[in-house]
1. Checking the conditions here, which among ARG298, ARG311, ARG356 is in the same structural domain as ARG250 (by TED's automatic domain parsing), in a helix (DSSP H, G or I) and on the phi < 0 side of the Ramachandran plot?
2. Identify all residues within region 437-476 that are surrounded by 12 or more Cβ atoms within 10 Å (Cβ to Cβ), in a helix (DSSP H, G or I) and at pLDDT 90 or above; write none if there are none.
3. Looking at region 359-386 only, could you name the residues that are crowded, with 19+ Cβ neighbours inside 10 Å, hydrophobic (A, V, I, L, M, F, W, C) and part of a strand (DSSP E or B)?
4. Which ones in region 33-57 are among the charged types (D, E, K, R), modelled with pLDDT under 95 and part of a helix (DSSP H, G or I)?
5. Could you please find all residues in region 387-412 being closer than 21 Å to ASN430 by Cα and assigned to a strand (DSSP E or B)?
6. Are there any pairs with C-beta distances below 9 angstrom linking a residue in region 157-175 that is without any contact (Cβ under 8 Å) to a residue 60 or more places away in the chain to a residue that is assigned to a helix (DSSP H, G or I) and hydroxyl-bearing (Ser, Thr, Tyr), with the two at least 6 apart or on different chains, and if so which?
7. Just to check your reading of the model, which residue among THR347, THR357, THR316 is under 22 Å from ILE469 (Cα atoms), touching a strand residue (DSSP E or B) at 6+ places or on another chain (Cβ under 9 Å) and among the β-branched types (Val, Ile, Thr)?
Amino acid sequence: MASVQHNSRNTDHGTRHGADTRTGAEARTDSADARTGAAARRDLAVRAAVAQGLVSEAEPVVALLDVAGIRLSAAALRAAFDEVTAPGTPVLHAFAVKATALVPVLRLLDEERIGAEVASPGELALARAAGIPAGRTVLDSPAKTTAELRQAIALGIAVNADNPQELDRIDALVGRGPVASPFGLRVNPQIGGGAIGALSTATATSKFGVALRDEGARAWVVQAYLDRPWLTRLHTHSGSQGLPLELMARGVREVHGLAEEINAAAGRRQIDTIDIGGGLPVNFASDEVTPTYAEYARLLKDTVPGLLDGRYGLVTEFGRSLLAKHGTVLARVEYAKSAGGRPIAVTHAGSQIAARTVYNPASWPLRIAAYDAEGRPKPGPDVAQDIAGPACFAGDLLAENRPLPLLEQGDLVAALDTGAYYFTNHYAYNSLVRPGVQGFTVLPQHGGAEPGGAVRFMTVRASQTADEIVGESGGAYADALLRGASGA
């Protein structure tokens, strides 16, 4: 069986040991300190990246990952759910690998006791390369092949089936014998969508899971569990960015109610674990981390208290909220020009990194920070200007008419909050290379507790080369079509 981390907190006179007993003002002060710390680390890293040659004429774009920030987010996630779950509750936080598909990131999260949620053979390979145990890996996908299912079962990975036909495949693979993999079924509570339709997965016609409110669907789900004693989990995920916390909690409440119904019909605790997915939205407007894991966990406690009372194990699948705030894409301004009276800074970061922002800027606006050629925050009054990428189409803009200190040739542009779904989800238009990714830590200054000293960089991924692009583009088969045309 896939393992989950047990919440083994102590209690003292009815108050959990380690509980957050701060006042609201104290909590806000801590939040402000965290924001200041993240921004200060970022500024130091940008200047150090220039000084150490990580961004230069030869390397005009680089992605930076704040290791301390990632660790703080992982700790905040664990603490938030520790606070609301009963002592001894099995809890697995599984990172959605699709958000930042980098082996060193997965390895870091594994050290922080965060597992992996994978949705393809490639993502599973990354999780395994990072050393994440099968017992802390969950396989979700709406289109699993029989070979993928067979591999997951052989490894003992938890599997959430998406639909009745997939359950039929699993039936054929597991037969009546004991299996190491825990199995669940994904259901769609059909509670509605959020502000971004493409990321809303609990609409009436979503492609994911069994549509619970369709005619006969709920009865079919209950019977599917009664027919399969080895089906012990229930899974839902209502969406991510743009989804209100209240709607997320409502989806979880619907699925908890279904678990109770199934267990009552079975006359035993057949469903022992509920996977609530992820989806915590990210604030892309400032350095403030909002909403927080603690806010969501407390809302779940109020909305679905039976989920957290110890009768069910819990799995979460957060992705963007763990990594987004800790990534920065840094790019040189190659040219500064103007058109129609508006300044344009032409950079090396565009659609190949920020495809969602370029094609849907209203849903995916990015904050932009301006730095001078030495990596210092750019001074001067704000001037409305466009931040353009290198791709050959007019819409390749990171920001349009954005007030910033006027950028000049050789300055640097930083696209903030890009640690998830940006520099790992490369768009190969114009055969632009994938940027290198550097993790960084800021060492304390003069032995003190506060960062401010040297910045240490660690290569997470080397920048792609032109030779690698040729290889991916059939370079080894250059004459293949010529041979076919000649009939040879």
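1. Details: ARG311 fails: in a helix (DSSP H, G or I); ARG356 fails: in the same structural domain as ARG250 (by TED's automatic domain parsing).
Of the residues listed, the single one that is in the same structural domain as ARG250 (by TED's automatic domain parsing), in a helix (DSSP H, G or I) and on the phi < 0 side of the Ramachandran plot is ARG298.
2. GLU468, ILE469, VAL470
3. ILE368, ALA369, ALA370
4. Step one: of region 33-57, the residues among the charged types (D, E, K, R) are 33, 35, 41-43, 47, 57.
So of that shortlist, the ones also modelled with pLDDT under 95 come out as 33, 35, 57.
Result: ASP33, ARG35.
5. Initial filter on region 387-412 (closer than 21 Å to ASN430 by Cα): 387-399.
Within region 387-412, ILE387, ALA388, LEU397, LEU398, ALA399 qualify.
6. ARG169/THR146; ALA172/THR146; LEU173/THR146
7. On the way: THR357 fails: under 22 Å from ILE469 (Cα atoms); THR316 fails: under 22 Å from ILE469 (Cα atoms).
Of the residues listed, the single one that is under 22 Å from ILE469 (Cα atoms), touching a strand residue (DSSP E or B) at 6+ places or on another chain (Cβ under 9 Å) and among the β-branched types (Val, Ile, Thr) is THR347.
Listed here are the residues, each with its yes/no results for (1) at pLDDT below 90; (2) touching a Gly at 6+ places or on another chain (Cβ under 6 Å).
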residue: LEU155; (1), (2): no, no
residue: VAL159; (1), (2): no, no
residue: ASP168; (1), (2): no, no
residue: GLN190; (1), (2): yes, no
residue: GLY194; (1), (2): yes, yes
residue: ALA202; (1), (2): yes, yes
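The values are calculated or read from the model by the stated rules, or taken from the named source; none is laboratory data. Treat the numbers as computed from the prediction; the structure is a model and nothing was measured. Counting neighbours? That spans all protein chains shown, and the Cβs are built from the backbone with ideal geometry, glycine included.
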